[in-house]
1. Arranged from highest to lowest average of other beta-carbon atoms within 10 Å per residue, in what order do the peptides B:327-334, B:125-132 appear?
2. Which length gain, in nm to one decimal place, applies between B:MET297 and B:LEU61 when the Cα-Cα distance is subtracted from 0.36 nm times their residue separation?
3. Restricting to DSSP H runs of at least four residues, report the calculated mean residue ellipticity at 222 nm for the protein assembly as shown, -39500 (n - 2.57) per run over all residues, nearest 500 deg cm²/dmol.
4. Using a ≥ b ≥ c from the Cα gyration tensor of the protein assembly as shown (square roots of the eigenvalues), is it rounded, prolate or oblate, where a/c under 1.5 gives rounded and otherwise the larger of a/b and b/c decides, a/b for prolate?
5. Amide H to amide H, which residues 5 or more places from A:ASP243 or on other chains are under 5 Å from it, using H placed in the peptide plane?
6. How many Cβ atoms of partner chains, on average, are near each residue of B:297-306 if near means within 10 Å of its Cβ?
7. Taking the Cα-to-Cβ direction at B:LYS185 and at A:LYS60 and moving 7 Å from each Cα, how far apart do the two end points lie in nm?
8. Could you give the length gained by full extension between B:LYS172 and B:ARG45, i.e. 0.36 nm per residue of separation minus their alpha carbon distance, to one decimal place?
Amino acid sequence: MSRKSDRRTAKQEDTGRVRNRRFSDFVEAAKISGSSLPLTHITDAYRFREIVGTSKLVPKYCHVFDAPLLYFFYGRPAYRVNQEAQSSAIEAYAPICFLVDPVFELELTALYPFDTGAFHKRLLAGAFHNEMKKEDFALEPNLDSPRKLIQLFFGSVDRYYSAKPRPSVKIDPFDFEASSYHGLINDKLQNVYDDRISAIELHSKANFTLKGSTMAVVLPSNFLDRSAAAGGVKAFLKEIEADALPYDYVPRMRTDNYTSQIYSIVKSYYLKKGLLRG
Amino acid sequence: VARAKTGAQLVGFVNPTALVPSFLIPIFRYGDRGNEFLVQEIGKRGEIVGFTSIDVEGFPLIEAKDRAILALNDAALWAFLDWNETPFYGALPSFVGALRRNLATYVDLPMLHLQISTFLEDKDAVIGALGRAYEHLADYSRTAAENWRDIVVLPSLVREIILKLPRSRTWKSGDAQLVRELVLKREGNHLTAQGPQRLIRKMLVPNDVPIIAAELEHYSGSLGLPNMTLDFEVLAARTTRPKAKDTSKPSANLTDRQRGLLLLQQSRENFDMRRFSAAELLAAQALDFFAKAGEWMLLYDTSVYISDIFLELERGDEAISELEKALRFYREGSHQDREVIAELKIAQARFRLGHFDGLIDKVRGVLLRKFTSLGKYKASADAFGLLGDLYDASGQRSLALKMYLDKQLPIYIAMNDKENEVITRGKIAALLVADGNHDQARLLLEDKGDTVERRRFDLGLLYE
């Protein structure tokens, strides 16, 4: 039995259907080119307080996968769609975004080319065949996969960051998953969902130590104020050797205020660091 | 989003930052129906345009005394948690009045004071608050202050100013989006706003630039950028490509020497990015490979390099320990060049640790003689610099000035080492300023018209 077919039978779905690996194989066959981006992890103030105490990101129980998981997104400061409510605490409140660049290999357990929370909520249903499952789009869980995917479907990290996919990609007519994914990221579904449709999602089941692997933390500016609580945050940022990127937090209850502000801050930071070219 | 035309009842507030004082988010429910928590969606005129369900898991609910019922098109509710941890809330006019009355009490929290001033749209208060916030952040970290100014505050101000230009009223909504894509690059006191071609070439006209710059200058002075200048350019692809990151683990089929060298290279890249702990880990791994490969010289050279990391991590004793290991090896192997460099680094580390005893005699009497006899000019310049630092630290400013000006600077000039030259000029200027010789300091820094950023930075400090 070939190695490829070994992998094909490796994971059975709960329906009994064998996981389809065509999309993964399509991406795997691509060449690595272009640069890499840091990973992002967004949290809220209360979970941030725990993180300040431990200097670690710790997996939390995930309803979609029924397991404790630690989520990252590739490059973009995206957050996962909450399955019960329209808005999660993260998106409505003061989000805090870690930009991490693992020095040593991160123990990734899964990698998807979109927000699985949105898939689970069937927000992406219009783009996919009913029989397609999120697992059909799982990619090899390593840091080469995002670069291959970006090269194939976006052409550059700059275009990926700005959610500007390639209008055309050479896809075999029988690669339905690749066609669907290309259709999804090019479809103007913005009225239903936003550019998180193409944010690459990474999972880990291990704790992630922030010290030495954190480039920057984007956080509300009053976390760096002259108060006792802020003093702890400042000490934490020094401890993990991260740049502080404070943003202006004025709660106007328009969630896009923060997300667009953070997107812009992270983009400027990447430009300054030479990770994006413009 | 809008669930119903009936009202929603205020049940309490969530403090999104967990800090006190802080803005609060009012939380509602639809009467007795279900356990769903809601937040108001606010329209352009400050009216409620809907309620959105919200997950408040993990956020303690601060109870509201007055359980008001609000409906669509009612004025939205605003809330703030004061010093005494009591929420005050109301529709915008009364809320703004209360915030304005209390504004002065938040002045010791510069970031919050700025948030409130921004919320109140009080331009004078914002300008003052920006300056205090910048100084406060600079006390914590100059990098954080500059990042905040360059990446957060100034681009947002430029965007706001552009969107307030009378011309902007004629733009389509998609055009306004282009303004949000604008980023800012700073070199010294000069700002370059980079944006999409359509924005820079079509939407803005040359006459707009001085108007935008003049408006921006109201703010930039308080942010450590006096006499700021501004221009605009189309955001174009850069020529330098970022480093590839797919080499984080050296391939197993490399030799131990090669793997050590690769890790050392990666460590240096991390050192350049000031990620010292990461650099330390990689360098320690490199040491293991050099030891396996029997590459002793590389191993001890790496020890010397690790000592630099320890110094940056303020672990001076460990830095000295690494250097002493290397020094013993260099001595035994008669590697005199490396030996004296290690000795100089030990002296520098002792200076950083504040161990000054006998250090001046050691540097002057032993090291400088060795460097001169070995023809090590760069090391001599460094040693003269260290002597200058030692004299300065012990209050002997004239001797320090002599070391920097007569000894160290001429070597860097002769070697065309621009970077170290401007650093030394900066040190000399600082001493001159301390003695009240501002004009001489200015002449020194402006000499040759060098535009190295560091020199401009020093000039900026001089004018503060």
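1. So the peptides B:327-334, B:125-132, ranked by packing, come out B:125-132, B:327-334.
2. 78.7 nm is the gain from fully extending B:MET297 to B:LEU61.
3. -13500 deg cm²/dmol
4. Oblate is the answer for the protein assembly as shown, as a/c is 1.5 or above yet b/c matches or exceeds a/b.
5. Counting only residues 5 or more places away or on other chains, the set is A:ALA216, A:VAL217.
6. Mean partner-chain Cβ count within 10 Å for B:297-306: 0.
7. Modelled inter-label distance: 3.9 nm.
8. 43.7 nm
Bear in mind these aren't lab numbers, they're just calculated from the coordinates by the rules spelled out. These numbers come from a predicted model, not from an experiment. Reconstructed Cβ throughout: ideal geometry from the backbone, glycine too, with neighbour counts over all protein chains shown.
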